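Undergrad: The structure under discussion is supplied below as structure tokens; questions concerning it will follow.
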Amino acid sequence: MTVSGIGRAGKRGGEGFFLISAIVMVLVIVAGFSLQLATGRSSFQAPPLVHAHAVVFMGWVAIFLVQNILIATGQVRLHRPLGWIAAAWMLPMLVLGWLVTENMIRQAHVPFFFKPLQFLVFDPVSLIAFTGLTVAAIALRRSTDWHQRLHFTAMAILLGPALGRLLPLPLLMPWAWEATFVATLIFPLIGIIADLVRNGRVHPAWGWGIAAMFAMFVAIQGITYSPVGTALYDAVAAGTPGAAVDPLAFPAPPGPPPGATPTP
């Protein structure tokens, strides 16, 4: 498609909407992780693995925003090669996402509002779902309407960790993860509303994207409460502090146990 063709398609497809949405998504991510630092729940003293994970994932966030800016401004010649860099970028995201999750399980450092086994499953499965939708978006890159919406839905999945840091998850127990999933659905639902307002109809890409999100949800719940999930947890946690943890029980919250006498 030529640059002028992209411009005409942009008016029909709402490039302005996707650019504004990309900016909002980036702001949500920055707000979530900034709040984490401001409240002292994380620090720059984290292990190198965590820093590598942060750099790679924030790199994806930057690529996502730049790609939307390039399309909104008609810079297709720059958008295309950056897209192939983005495709390759997903591999270290998958690897580092798994390694960080595995390390937290082995060290028994799962947040107390998540069940350890569910945490072990939902992080990598969410990344697989994100990757699947992104690969589909790349495969359909010549169909701009599908390409934009599938990328958008994939990015909504990736917002889960940031939204989880903004939501009062301790107050949402025992449904903290499920509440985070519902929050991520808000973004494609906004996309559906925008389509209705702009075009009077809903593009089928939203249906496929949301269906993929629900398939992810079902897979996570199915694996978590199955012998497969138990076997996976045992294999990951074997010989580590995580092995002493009940994989389907919420960890104890931080601080002294209830009824403990404060130390003067």
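Undergrad: Among all residue pairs at least 6 apart or on different chains, which show Cβ distances below 6 Å where the first residue, located in the stretch 193-214, is under 14 Å from Q148 (Cα atoms) and the second is modelled with pLDDT under 95 and aromatic (F, W, Y)?
TA: Once the first residue is under 14 Å from Q148 (Cα atoms) and sits in the stretch 193-214, its partners that are modelled with pLDDT under 95 and aromatic (F, W, Y) give A194/F17.
Undergrad: Let me ask something else. What number of residues within the stretch 197-206 satisfy the criterion of being assigned to a helix (DSSP H, G or I) and surrounded by 11 or more Cβ atoms within 10 Å (Cβ to Cβ)? Before you say what the answer is, go through the steps one by one.
TA: Of all residues in the stretch 197-206, those assigned to a helix (DSSP H, G or I) come to 197-199, 204-206.
Pick out the ones that are also surrounded by 11 or more Cβ atoms within 10 Å (Cβ to Cβ) and you get 198-199, 204-206.
Final tally of qualifying residues: 5.
Undergrad: Looking at (1) at negative phi; (2) surrounded by fewer than 19 Cβ atoms within 10 Å (Cβ to Cβ), which one does P116 not meet, given that it meets all the others?
TA: Unmet condition: (2).
Undergrad: For the stretch 190-217, which residues satisfy the criterion of being of a type in the set (A, V, I, L, M) and closer than 21 Å to A179 by Cα?
TA: Taking the stretch 190-217 first, the residues of a type in the set (A, V, I, L, M) are 190, 192-194, 196-197, 202, 205, 210-213, 215-216.
Of everything in the stretch 190-217, those that are of a type in the set (A, V, I, L, M) and closer than 21 Å to A179 by Cα turn out to be I190, I192, I210, A211, A212, M213, A215, M216.
Undergrad: Pick from A46, A22, A72: which is more than 27 Å from A215 (Cβ to Cβ) and either in contact with a helix residue (DSSP H, G or I) (Cβ under 6 Å, 6 or more places away or on another chain) or of a type outside the set (A, V, I, L, M) (or both)? Show your work before the answer.
TA: Numbers: A46 fails: either in contact with a helix residue (DSSP H, G or I) (Cβ under 6 Å, 6 or more places away or on another chain) or of a type outside the set (A, V, I, L, M) (or both); A22 fails: more than 27 Å from A215 (Cβ to Cβ).
Result: A72 is the single residue among A46, A22, A72 that is more than 27 Å from A215 (Cβ to Cβ) and either in contact with a helix residue (DSSP H, G or I) (Cβ under 6 Å, 6 or more places away or on another chain) or of a type outside the set (A, V, I, L, M) (or both).
Undergrad: Shifting gears a bit: Within the stretch 169-180, can one find any residue that is over 18 Å from D123 (Cα atoms), at pLDDT 95 or above and β-branched (V, I, T)?
TA: No, the stretch 169-180 contains no residue that is over 18 Å from D123 (Cα atoms), at pLDDT 95 or above and β-branched (V, I, T).
Undergrad: Please find, within the stretch 66-108, the residue that is modelled with the highest pLDDT out of those that are touching an Asp or Glu at 6+ places or on another chain (Cβ under 7 Å) and of a type outside the set (G, A, S). Talk me through it step by step, then tell me what you get.
TA: Taking the stretch 66-108 and keeping what is touching an Asp or Glu at 6+ places or on another chain (Cβ under 7 Å), we get 71-72, 97, 101.
Okay, now just the ones that are also of a type outside the set (G, A, S), so 71, 101.
Details: I71: 90, T101: 96.
Going through the qualifying residues, I end up with T101.
Undergrad: Among the helices (runs of 4 or more DSSP H) confined wholly to the stretch 83-189, which include 2 or more residues that are among the charged types (D, E, K, R)?
TA: Values: elements: 116-139, 144-158, 160-166.
Of the helices (runs of 4 or more DSSP H) lying wholly inside the stretch 83-189, those with at least 2 residues that are among the charged types (D, E, K, R) span 144-158.
Undergrad: Also, I was wondering about something else. Report yes if some residue within the stretch 156-164 is crowded, with 19+ Cβ neighbours inside 10 Å, within 20 Å of G14 (Cα to Cα) and under 17 Å from the mean Cα position of the chain (by Cα); otherwise report no.
TA: yes
Undergrad: In addition: Identify, please: which residue in the stretch 76-109 is of a type in the set (A, V, I, L, M, F, W, C) and touching a residue at least 60 places away in the same chain (Cβ under 8 Å) and is, among those, farthest from H151 (Cα to Cα)? Even if it seems obvious, please write down each step before you answer.
TA: First, the residues of the stretch 76-109 that are of a type in the set (A, V, I, L, M, F, W, C): 76, 78, 82, 84-91, 93-96, 98-100, 104-105, 108.
If we keep only those that are touching a residue at least 60 places away in the same chain (Cβ under 8 Å) as well, we get 76, 105, 108.
On the way: V76: 16, I105: 30, A108: 34 Å.
Among those residues, the one meeting the criterion is A108.
The values are calculated or read from the model by the stated rules, or taken from the named source; none is laboratory data. No experiment lies behind these values; they were computed from the predicted model shown. Using ideal geometry, Cβ is built from the backbone for each residue, glycine included, and neighbour counts are taken over all protein chains shown.
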